[in-house]
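Taking it in order: structure first as structure tokens, then the write-up.
The values are calculated or read from the model by the stated rules, or taken from the named source; none is laboratory data. Being a predicted model, the structure only gives us computed values, none of them experimental. Note that each Cβ is placed from the backbone with ideal geometry, even for glycine, and that neighbours are counted across all protein chains shown. The accessibility values were calculated without ligands, DNA or RNA, using every heavy atom of the protein model including side chains. Shrake-Rupley method; radii C 1.70, N 1.55, O 1.52, S 1.80 Å.
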Amino acid sequence: MKMSFKEASLKVVLMGSVFGYVISPSYGMDTDIEQKKRQELKARIKGKSHQNTISSLPSLEHRIKRKNQEERLEPTLRKSVQVLMDPYVDHHPLLLAVLWIKAAEQGNFSGLYNVGWLMRYQEENSCVNLIVGQTKNKHKEELLQTSGALYWWQRAQNHNDYEAWCELGKLYLKGRSVAQDYSEAMHQFRKASDQNHAEAQKGMGVLYYYGYGVEQDKAKAMEWFLRSAHQNHSSAQYNVGVGYANGEGVEQDFGKALTWYRKAADQDHAEAQFAIGVGYGVAQNYEKALEWYLKAANQNHAHAQYNVGVFFLKSQQVKCDYTEAMKWFFKATEQNHHEAQCAIGELYYAGKRVKQDYTQALEWYQKAADQNNVSAQHNMGVCYQKGRGVRQDYKKALEWYLKAANQNYPRAQLNIGVLYYWGNGLSQDYTKALEWFLKAANQNDPKALHNVGVLHEKGKGVKQDYGEALKWYRKAEVHGYNYDDYDVDHAEFLLSAQEIWAFAQ
């Protein structure tokens, strides 16, 4: 069935980014909210934030109110909890740790959960050491034998704490602090899901989507993602969008995919914002695409940052600005983004708005090539072949070209053919040269198409055949080879001469 232009424009999740990024469902069970929790807490410890840390503790207020009569806290501690819940009071996480430990040691299920949360999501050893030090002796040995978060959440689950069930499910899913166990992850997620816990429902969807511990069933995965998404869970909404766009578990529907992406994007879900940007890129509304890429890039989405850089470098809709492009590429490299590393290398190699520096170019190519970036591997070969930023070494060049060529990269295949043609660093072999030129020519590389024609014309590595040479020259021309008119005219002249000679015989 033929798709409309609108549908085709949103086929982003099948194609991935025009710059090579593949969009897939969110695997991780750390939600956007949890990421913000960690960031807020880290900033708090460093004294850079004035937001109320207690607000980042999930479901705290309603759970305290619900359990206050069931689990009686000593009056002083209850007063401290009320103070901590005051949104206008600034709190240090170490103070939180002390008070929640006291609550936890009295069996208060909110205290048990939140001490586990502090140990799982904060990054300062001082807080962990304090929690271990303040724990009553009768529990200390048990605590030291296991992960802090696991210990406290296991105690919390005995109080029917569905938040703890979900957190335990995530630990078992990822094998963090405990042996990976998909069956146990499902057990914990299902208990919390029965209480309509959105994050646990998403966890169920992840298990069914990837077939972890159960038979893979993307229809069931979508059912769970939808249950979570209808509770406004942003990652689940994004996953529903992916499902509709790919037609996984539901009938493919790009309109619904966009609807769910927007729901997630409106909650600042970076992957959803990026996906919408790619959709606009396919639809060739580049201003809108850049707008959405910037939303994701400002949330530290590495590939969005890279794409913004590409816009400033190559897009006709945005004024070319090498400085701005380099700025965004560097932001992406902070997350070890290999395409951004390669792009920086190319800017140094060409000397575009930066001083030409082959040594710097080689260093950036190396970073990307070590991550199996095919373009960078090819560029490493070029540097060694030409002695740019490094001593000329044809054998090293061949090694790097082969890494890229084995990933079917046509420019590397072409250059291997050139090495064989001239005998650079290896024995001259026209047959091998033709073999490598054909690999690249079969991917319509214009230079490779031309070189195959040259070998047929000259009879090197193959029987001389002017007609075949002309055919390859014409293919090269169609695919963008910029002739100076000599090559084709010369081949036509030779062909005519051959025909005249054959006629005369």
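Need one word for the range 399-458: rounded, prolate or oblate. Basis is the Cα gyration tensor (sqrt eigenvalues a ≥ b ≥ c); a/c below 1.5 gives rounded, then a/b vs b/c decides. Could you put the intermediate results ahead of the total?
On the way: a/c = 2.32, a/b = 1.08, b/c = 2.16.
Cα axes put the range 399-458 in the oblate bin.
What FRET efficiency would be calculated for the residue pair ASP357, LYS174, taking the C-beta separation as r and a Förster radius of 41 Å, to the nearest 0.05? Intermediate results must be reported in sequence, preceding the final value.
On the way: r = 42 Å, r/R0 = 1.02.
So, using R0 = 41 Å, E works out to roughly 0.50.
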Heavy-atom accessible area of ASP268, protein chains in place, probe 1.4 angstrom, given in Å² to nearest 10, is 80 Å²
To the nearest 20 debye, the range 263-330 has a Cα-centred charge dipole, built from +1 on Lys and Arg Cβ and -1 on Asp and Glu Cβ, of 120 debye
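Excluding HIS303 itself, what net charge comes from residues whose Cβ is under 14 Å from its Cβ, given Lys and Arg +1 and Asp and Glu -1? Write down the numbers at each step before the final one.
Details: positive: LYS295, LYS331; negative: GLU271, GLU334, GLU339.
Here the charged neighbours net out to -1.
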Karplus-derived 3J(HN,Hα) from phi for the range 325-331 (6.51 cos²θ - 1.76 cosθ + 1.60, θ = phi - 60°), whole Hz, x at Gly and Pro, runs 4, 4, 4, 6, 4, 5, 4
Sparse-neighbourhood loop hits (trypsin sites (Lys or Arg not before Pro), the range 406-465; DSSP loop; Cβ within 10 Å at most 16 others) -> LYS460, LYS463
Candidate cut points under trypsin sites (Lys or Arg not before Pro) in the range 299-398, DSSP loop plus at most 14 other Cβ atoms within 10 Å of their own Cβ, are LYS319, LYS352, ARG353, LYS355, ARG391
By the C-alpha gyration tensor axes a ≥ b ≥ c (rounded if a/c is under 1.5, else prolate when a/b exceeds b/c, else oblate), the shape of the range 322-403 is oblate
Under a 1.4 Å probe, counting only protein heavy atoms, VAL462 has an accessible area in Å², nearest 10, of 50 Å²
Reported to the nearest 10 Å², VAL318 has, with a 1.4 Å probe, an accessible area equal to 30 Å²
With DSSP loop assignment and no more than 14 other C-beta atoms within 10 Å, the GluC sites (Glu not before Pro) in the range 263-324 are none
Note on the range 215-290: alpha-carbon gyration tensor, axes a ≥ b ≥ c; rule is a/c under 1.5 for rounded, else prolate if a/b larger than b/c, else oblate; result oblate
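Apply 1/(1 + (r/R0)^6) to the Cβ-Cβ distance of VAL390 and GLU291, taking R0 = 45 Å, and write down the FRET efficiency to the nearest 0.05.
Working: r = 41 Å, r/R0 = 0.92.
Computed FRET efficiency for VAL390 and GLU291 comes out at 0.60.
Is there a quick way to get the dipole size of the range 197-324? I mean about its Cα centre, with the Cβ of Lys and Arg at +1 and of Asp and Glu at -1; what is the value in debye to the nearest 20?
Working: 11 positive and 14 negative charges, 23 e Å.
Here the size comes out at about 120 debye.
Could you give the dipole magnitude of the range 373-458 about its Cα centre, charging the beta-carbon of Lys and Arg +1 and that of Asp and Glu -1, in debye to the nearest 20?
Values: 11 positive and 6 negative charges, 57 e Å.
I would put it at about 280 debye.
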Note: the range 340-382, point scatterers on Cα, Debye, no solvent; log10 I/I(0) at q = 0.20, 0.32, 0.34 Å⁻¹ equals -0.47, -1.06, -1.15
Flagged as over-length at 25 Å C-alpha distance, from LYS327/LYS395; LYS288/LYS327; LYS319/LYS386, the pairs are LYS327/LYS395; LYS319/LYS386
The set of residues whose placed amide H lies less than 5 Å from the amide H of HIS233, leaving out same-chain residues fewer than 5 positions away, is none
